[in-house]
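The values are calculated or read from the model by the stated rules, or taken from the named source; none is laboratory data. What you see is a predicted model, and the numbers here were worked out from it, not measured in a lab. Cβ: placed from backbone, ideal geometry, glycine included. Neighbour counts: every protein chain shown. We work out accessible area using only protein heavy atoms, side chains counted, and drop any ligands, DNA or RNA first. Shrake-Rupley method; radii C 1.70, N 1.55, O 1.52, S 1.80 Å.
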Amino acid sequence: MKRAFFTLLAACIFLVPRGDAHVGSPDVFYEGNAGPYRLFVTVRTPPMIPGIAQIEVRSLDGNVTEIRILPLRAVGEGSEYAPPSDRMERSQADPQYFTGKLWLMASGAWQVRVEVFGTQGKGETAVPVPAAARRTLRMRKTTGTLLVVLMLLLVASMVAIFGAAARESQLEPGATASALQRRRGRIAMAVTATALVAILFLGNMWWNAAASGRADLMMYKAPPVEAFIRNSNTLVLKMGFSSWHDRRKDMLLDKIIPDHGHLMHLFLIGLPDLDHFYHLHPDQTAGDTFEERLPAVAGGNYALFADIVRESGFPDTMTARLNLPVVPGDPPSGDDSATSVASPVVAKGPAASLTLPDHSRWEWSFDPQGLHARQPVILRFRIFDQDGKPASDLEPYMGMAGHLIIVKRDLTVFAHVHPSGSMPMAALMVLEKQKNSGKSAMSAMSGMHETVPAEVTFPYGFPEPGDYRLFVQIKRSGQVQTAAFDAQVVP
């Protein structure tokens, strides 16, 4: 009976399901200036809040002797009173590489303030960081094993106590229990064991229900969005209720700010081959509704990714699936763009080259050792004209030298990256406005010149191994061009 009890108890303990979830690309990558120093900053956000963010900073032009970091809220009172800064640890192998840690104590829009000291004096910059609980952490195996052993001992002790009480509580000192009393003790132990297993089982059910209810409030999820077609050519996106956002005043739907001059950036990617790509900008027609009159669109199944930015600088990427009919219409105009991928270029070796219909050539160069997951890199793309010379007619596309959209084949990773980094430029502008007391924040954005160099770079780090497609967008002589590259990321 004891053996059967312990077997049942262990089953109740170890067969409890554990939840896990993956959210796209949570780390933040930033390339920019801190005064006279150019930095590449990586912020690895914690999966739970409160939690510890891992900070990595590399000086790209040398001459840095010390870096200090501190966390601040992006907006509000928490952005005004800075705590003491922490000194980053300098690598002995690479004197221009620094690492550090910072606590992020609450969900929302944060900034990591970076203070740099070197041969040219002091420089300072701030990196926007969205902090949110994204998954439940698993208990360490050693801790779990210890707790299980202690619980088994406690349960066994209670079973023994109740069995002894039923068997020997009425015996005289030194007397031996009769067969009837021993039988009574075994019955008491069985009843106690059954009751304890029931209590543990029901307690586990209550705990899971309570945790699930709290998860809706504590765990970040992008708002749901419903997508449908109206009048055969108008795409309607209706955002749903999110309890996580509703609890935070700076996350409400009526507090969205423009990013590159648009309240929403919508990406339609054809499934299953990722062969059609549309970058559109729906207009907000109601507090929770956006609409876009579609250009000519090929029919088929599409994955939708809709980017918005809250007024605090916190970004959301909402996702949906939609089966679109063939939509007749004009080609995209203005900031909207589209492309179809007939034969994507697979990135192998130190460079990948692609020739567009206008006979311009795009070259993507990277480390000969390949692309590795969770390794920060600067993705470099060079554009050559039809004569093989570096293109001289590039111009800003929505204020940036270029846009890079990264999609994992299984759609578990989506990232919209710019030359300044993986955060939305609207978040950088929030911090810049705060720093300049309301002055123009356009200096926070790179690529604002009338002309753009022929090499466009993007700081990023692929979050996990797998097959990815990269859509690179630039603007040449008033026309948006998009090139597609495929890459395999290894562990």
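Okay, here's what the table says:
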quantity: Residue ID - surrounded by the most Cβ atoms within 10 Å (Cβ to Cβ), chosen from residues in the range 313-342 that are in contact with a Gly (Cβ under 7 Å, 6 or more places away or on another chain), assigned to a loop (DSSP other than H, G, I, E, B) and not aromatic (F, W, Y); calculated: P325
quantity: Flag if R87 is open to solvent by 40 Å² or more (accessible area, probe 1.4 Å) and in contact with a strand residue (DSSP E or B) (Cβ under 7 Å, 6 or more places away or on another chain); calculated: yes
quantity: Test: V112 is touching a Phe, Trp or Tyr at 6+ places or on another chain (Cβ under 6 Å) and surrounded by 21 or more Cβ atoms within 10 Å (Cβ to Cβ); calculated: no
quantity: Filtered residues of the range 311-332 (kept if among the hydroxyl-bearing types (S, T, Y) and within 28 Å of L379 (Cα to Cα)); calculated: T317, T319
quantity: Any hit, the range 407-422, residues being surrounded by 22 or more Cβ atoms within 10 Å (Cβ to Cβ), modelled with pLDDT under 95 and of a type in the set (A, V, I, L, M, F, W, C); calculated: no
quantity: Pair list, Cβ under 6 Å, 6 or more apart: the range 260-287 residue over 15 Å from A227 (Cβ atoms), other residue among the aliphatic types (A, V, I, L, M) and open to solvent by less than 10 Å² (accessible area, probe 1.4 Å); calculated: F277/I269
quantity: Top-ranked residue of the range 450-491 - restricted to ones that are among the hydroxyl-bearing types (S, T, Y) and under 17 Å from A342 (Cα atoms), ranked as most open to solvent (accessible area, probe 1.4 Å); calculated: T482
quantity: Residues located in the range 352-404, provided they are acidic (D, E) and in a strand (DSSP E or B); calculated: E363, E395
quantity: Among residues of the range 430-439, those that are surrounded by fewer than 24 Cβ atoms within 10 Å (Cβ to Cβ) and either outside any loop (DSSP other than H, G, I, E, B) or modelled with pLDDT of 95 or more (or both), counted; calculated: 4
quantity: Restricting the range 397-437 to residues that are of a type in the set (K, R) and in contact (Cβ under 8 Å) with a residue 40 or more places away in the chain, the residue that is farthest from Y468 (Cα to Cα); calculated: K435
quantity: Residue count for the range 35-55, restricted to those that are β-branched (V, I, T) and either closer than 17 Å to G24 by Cβ or within 15 Å of the chain's Cα centre (by Cα) (or both); calculated: 4
quantity: The range 166-181: number of residues that are exposed (fewer than 14 other Cβ atoms within 10 Å of the Cβ) and either touching a Phe, Trp or Tyr at 6+ places or on another chain (Cβ under 8 Å) or part of a helix (DSSP H, G or I) (or both); calculated: 2
quantity: Which listed residue, of G123, G100, is under 23 Å from L428 (Cβ atoms) and either basic (K, R) or within 25 Å of the chain's Cα centre (by Cα) (or both); calculated: G100
quantity: Count of the range 356-371 residues which are over 16 Å from K475 (Cα atoms) and open to solvent by 50 Å² or more (accessible area, probe 1.4 Å); calculated: 3
quantity: Some residue of the range 440-452 being at pLDDT 95 or above, part of a loop (DSSP other than H, G, I, E, B), closer than 30 Å to K348 by Cβ and of a type in the set (A, V, I, L, M, F, W, C); calculated: no
quantity: Test: residue in the range 42-55 that is part of a loop (DSSP other than H, G, I, E, B), on the phi > 0 side of the Ramachandran plot, at pLDDT below 95 and open to solvent by 50 Å² or more (accessible area, probe 1.4 Å); calculated: no
quantity: Residue within the range 192-204 that is within 44 Å of the chain's Cα centre (by Cα), closer than 30 Å to I52 by Cα and part of a helix (DSSP H, G or I) present; calculated: yes
quantity: Residue satisfying condition, being basic (K, R) and modelled with pLDDT under 95, within set R293, R321, R361, R382; calculated: R361
quantity: Strands (runs of 3 or more DSSP E) enclosed by the range 90-153 - at least 2 residues per element that are of a type in the set (S, T, Y) and touching a strand residue (DSSP E or B) at 6+ places or on another chain (Cβ under 6 Å); calculated: 97-104
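Results for (1) in contact (Cβ under 8 Å) with a residue 60 or more places away in the chain; (2) polar (S, T, N, Q); (3) over 19 Å from Y397 (Cα atoms), shown as yes or no for each residue.
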{"residue": "T319", "(1), (2), (3)": "yes, yes, yes"}
{"residue": "P325", "(1), (2), (3)": "yes, no, yes"}
{"residue": "G329", "(1), (2), (3)": "yes, no, yes"}
{"residue": "V341", "(1), (2), (3)": "yes, no, yes"}
{"residue": "K348", "(1), (2), (3)": "no, no, yes"}
{"residue": "A351", "(1), (2), (3)": "no, no, yes"}
{"residue": "P368", "(1), (2), (3)": "no, no, yes"}
{"residue": "A373", "(1), (2), (3)": "yes, no, yes"}
